[in-house]
1. Say a site is exposed when it is one of the GluC sites (Glu not before Pro), sits in a DSSP loop, and has at most 12 other Cβ atoms within 10 Å; what is then the longest site-free stretch of the chain?
2. Full-extension gain between MET1 and LEU377, please, as 0.36 nm times their residue separation minus the C-alpha to C-alpha distance.
3. Using only DSSP helix segments of four residues or longer, with each worth -39500 (n - 2.57), what per-residue ellipticity at 222 nm results for the chain after dividing by its residue count and rounding to 500?
4. For the chain, report the % of Cα-Cα distances exceeding 28 Å.
5. What whole-number distance in Å separates the alpha-carbon centres of segment 230-287 and segment 25-98?
6. Considering only the other residues whose Cβ falls under 14 Å of the Cβ of LEU185, what net charge follows from Lys and Arg at +1 and Asp and Glu at -1?
7. Looking at segment 123-168, which trypsin sites (Lys or Arg not before Pro) are in a loop (DSSP not H, G, I, E or B) and have at most 15 other Cβ atoms within 10 Å?
8. Are there any trypsin sites (Lys or Arg not before Pro) in segment 312-376 that are in a DSSP loop and have at most 10 other Cβ atoms within 10 Å? List them by number.
Amino acid sequence: MPVITCIEDLKRLHRRRTPRMFWDYCESGSYTEQTFRDNCSDFSLIRLRQRVARDLSDRDTSGTMLGQPVTMPVALAPVGSCGMQYPDGEILAARAAARFGVPFTLSTMSICSIEDVAEHAGPGFWFQLYVMRDEDFVDAVIERAKKAGCSALVLTLDLQVLGQRHKDLKNGLTSPPRPTIPNLLDILRRPRWALAMARTPRRQFRNIVGHVKGVTDLADLTAWTNEQFDPKLDWSKVARIRDQWGGKLVLKGVLDAEDAQMAVDAGADAVVVSNHGGRQLDGALSSIRALPSIVRAVGGQTEVWLDSGIRSGQDVLKALALGATGTMIGRAYLHGLGAMGEAGVTAALEVIRKEIDITMALCGERRLRDVGRHDLLVPEDFEGRWG
Ligand SMILES: Cc1cc2nc3c(=O)[nH]c(=O)nc-3n(C[C@H](O)[C@H](O)[C@H](O)COP(=O)(O)O)c2cc1C
């Protein structure tokens, strides 16, 4: 068992153990990848304020998200095709999250189905919805999530049209991969992945295949998904979905204070400040730069979470100090999953929790709820000069 001390260790193993097309799918942003890069590099512009000679005993990283107690305010973001990074990936990640005491979000575009995850990892996870043109599918999948015991609906708003990721097109990304010679050669170099994948029946988007009329194989599925993301999604549709769901609603993909206010007016229990991990609007602000204005606009009215760019507990602390009440991680846990399955997700969560704890302490804080702007040194122009 390799010694894992940071997310970077898991990332290296993930890259080595996962077929190239799925690694590229994880580790890419759209177009020039400017926003993808900024998401991480902007965190490093913020410095932490070192404090000394304070009582640091009895520290506590716990909190709540949507009123639910959490070991730390870090939820697993929805990630499509987890089950291609590692066989049965969604079930394994959901289990690791439940055991650790943080929420797991299942993507619409998951390999394991909602029912399968509920059966093998237990109910209570969150379900992420992509609004599709096929309204029957949307209605049915909301009902399936309710029936499976999902405790929140995470509605993603920033993917009405798809930002292009060059590598996915060049790799001809499909789940399962097409049996071309380069793909087969690449898979042969990852025998551990190939053998485990051969053993599982879960190799397609199982929330969709078998649930949409006419979609039975890979060709049907590719054709269906390519034309399904709904460009007409607007606030009236959000309201319709909110009413149909009737439970806790998280609106994800908000990067602008005006939209954040509309999200609150639409009944969001939480908004996620996110640019989809730099996979959609290339050239958009990094999430961490967008956060302060959104906190000022809606902070007192709803929970404000941040994702995109978090790779450490230090990053989580910076987001909380800038006013986020919670965070989500995508790639940071996916690296754990791709590296070592369930144990890898647990390792990723443990790394981040320890980093939060030590960083909080070295800032002179004992509890996350006491963390604030006073713990940071932020460059004067961090938010400004973008108008
Ligand atoms: C490989 C991959 C697949 C993703 N799939 C989805 C998805 O199906 N639904 C969704 O709402 N967001 C999806 N996202 C975005 C994540 O939910 C999250 O916003 C993003 O990963 C946060 O950035 P980070 O990876 O830097 O933490 C995906 C992200 C990645 C990296």
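Computed from the coordinates by the stated procedures, all read-outs in this text should not be read as laboratory data. Note that the coordinates shown come from a computational prediction; the quantities given were computed from them, not determined experimentally. With ideal geometry, Cβ positions are generated from the backbone for all residues, glycine too; neighbour counts draw on all protein chains shown.
1. 1-226
2. Going from the current span to full extension adds 131.5 nm.
3. -13000 deg cm²/dmol
4. More than 28 Å apart: 43 percent of the Cα pairs in the chain.
5. That distance is 19 Å.
6. Values: positive: ARG20, ARG178, ARG189, ARG190; negative: ASP186.
With Lys, Arg at +1 and Asp, Glu at -1, the neighbours total +3.
7. Values: sites: ARG133, ARG144, LYS146, LYS147, ARG165, LYS167; in loops: ARG133, ARG165.
Passing both the DSSP loop test and the Cβ count: ARG133.
8. Sparse-neighbourhood loop trypsin sites (Lys or Arg not before Pro): none present.
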